Amino acid sequence: KAGVTQTPRYLIKTRGQQVTLSCSPISGHRSVSWYQQTPGQGLQFLFEYFSETQRNKGNFPGRFSGRQFSNSRSEMNVSTLELGDSALYLCASSPAGQLNEQFFGPGTRLTVL
Amino acid sequence: GENVEQHPSTLSVQEGDSAVIKCTYSDSASNYFPWYKQELGKRPQLIIDIRSNVGEKKDQRIAVTLNKTAKHFSLHITETQPEDSAVYFCAASYSSGGGADGLTFGKGTHLIIQP
């Protein structure tokens, strides 16, 4: 099976812009979670989607949003970018929501100038 | 919410020796505890996990122990090899039939294997 894929792998934006990142889960996986990784804060949970519904959300401002499509692919959007949004954004997929391991994609490296 | 503390932040061991990384968590409802290995520039990879109904789990040279009373869990790597050098993250989460909370990660341990 192909692993989790994310596009684009690298992105450079300027403050105030918005960005959309995409994640394709492992075939058959219906749960997709998003994480932000920075040197200072480490890995932090953004939100989780299952069957096109956001089930859980981390402690991030409303500028961070996401959605999931019927084929389980997911996108996350960050509006009004700030310098502090520069990070590696990782998505992870799980075969189900209950006590299952999460498999990570390679991430999208976002740089905000 | 859940809070996970991980120690040490850096661990240097001689090749062939054992390495132990420890984590504590705050939410007694957490019932799933995975460990991830992340090499430089790569994605986190699940190396082992343990659920709350189990006290210990082994997979070749790696093992994880869980003490729910004390709310701590540890990763043990025996006979360390150069390819074990990486950053290791512990995590905790709660899952039920209704869904799963996101993983709460520790800050990571940079494991260095000295030849």
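Too long at a 24 Å Cα-Cα cut-off: which of A:K57/B:K107; A:K57/B:K68; B:K42/B:K107; B:K37/B:K57?
Check vs 24 Å cut-off fails for A:K57/B:K68.
Any chance you could list P(r) for the protein assembly as shown, counting all Cα-Cα pairs in 10 angstrom bins from zero, rounded to whole %?
Pairs per bin, as whole percents: 8, 33, 35, 19, 4, 0.
Please give the solvent-accessible surface of B:H72 in Å², to the nearest 10, using a probe radius of 1.4 Å with every protein chain present.
Accessible area, nearest 10 Å²: 70 Å².
Hey, what did chain A get for relative contact order, percent, Cα under 8 Å, at least 6 apart?
Worked out over chain A, it gives 36 percent.
Under 12 Å between alpha carbons, and skipping anything fewer than 8 positions from A:K13 in its own chain: which aspartates and glutamates qualify?
Partners found: A:E82, A:D85.
From a point 7 Å beyond the Cα of A:T80 in the direction of its Cβ, which residues of segment A:37-64 have a backbone N at a distance under 17 Å?
Answer for this model: A:60-64.
Obtain the nm distance between the two label points defined at A:R63 and B:K42 by a simple spin-label model: each point lies 7 Å from its Cα along the Cα-to-C-beta direction.
Going by the 7 Å Cα→Cβ label model, 3.3 nm.
Distance in nm between label sites at A:N71 and A:S51, each 7 Å beyond Cα in the beta-carbon direction?
Label-label distance for A:N71 and A:S51, simple model: 2.1 nm.
Given a Förster distance of 22 Å, report the FRET efficiency between B:E83 and B:V20 from their Cβ-Cβ distance, rounded to the nearest 0.05.
0.75
Subtracting the Cα-Cα distance from 0.36 nm times the residue separation, let me have the gained length for A:S22 to A:R9 in nm, one decimal.
3.7 nm
How large is log10 of I(q)/I(0) for chain B at q = 0.18, 0.20, 0.23 Å⁻¹ when the intensity is taken from the Debye formula with one equal scatterer per alpha-carbon?
For chain B at q = 0.18, 0.20, 0.23 Å⁻¹, log10 I(q)/I(0) is -0.86, -1.05, -1.33.
Please list, in order along segment A:49-64, the HN-Hα scalar couplings obtained from phi with the Karplus expression 6.51 cos²θ - 1.76 cosθ + 1.60 (θ = phi - 60°), rounded to whole Hz, x for Gly and Pro.
Rounded to whole hertz, the list is 10, 9, 6, 6, 10, 6, 9, 9, 9, x, 9, 10, x, x, 5, 9.
Averaged per residue, what accessible surface does the protein assembly as shown expose to a 1.4 Å probe, in Å²?
So the protein assembly as shown comes to 48 Å² accessible per residue, rounded to a whole number.
Heavy atoms only, probe 1.4 angstrom, no DNA, RNA or ligands counted: give me B:E39, A:E48, B:E79 ranked by accessible area, highest first.
Per-residue accessible area, sorted high to low, gives B:E79, B:E39, A:E48.
Among B:H76, A:H29, what's the order by accessible area (1.4 angstrom probe), most exposed first?
From most accessible down to least: B:H76, A:H29.
I want to verify a result. In a Gaussian network model of chain B, Cα cutoff 10 Å, which of these has the top mean-square fluctuation: B:L40, B:L66, B:L11?
Highest fluctuation of the listed residues: B:L40.
If you average the C-alpha positions of segment B:49-101 and of segment A:34-113 separately, how far apart do those two centres end up, in angstrom?
If you average the Cα positions of each part, the centres end up 23 Å apart.
The values are calculated or read from the model by the stated rules, or taken from the named source; none is laboratory data. Everything numeric in this text was worked out from a predicted model, so none of it was measured. Neighbour counts are summed over all protein chains in view; Cβ atoms, including those assigned to glycine, are modelled from backbone coordinates with ideal geometry. Keep in mind that these areas ignore ligands, DNA and RNA; they rest on the heavy atoms of the full protein, side chains included. Shrake-Rupley method; radii C 1.70, N 1.55, O 1.52, S 1.80 Å.
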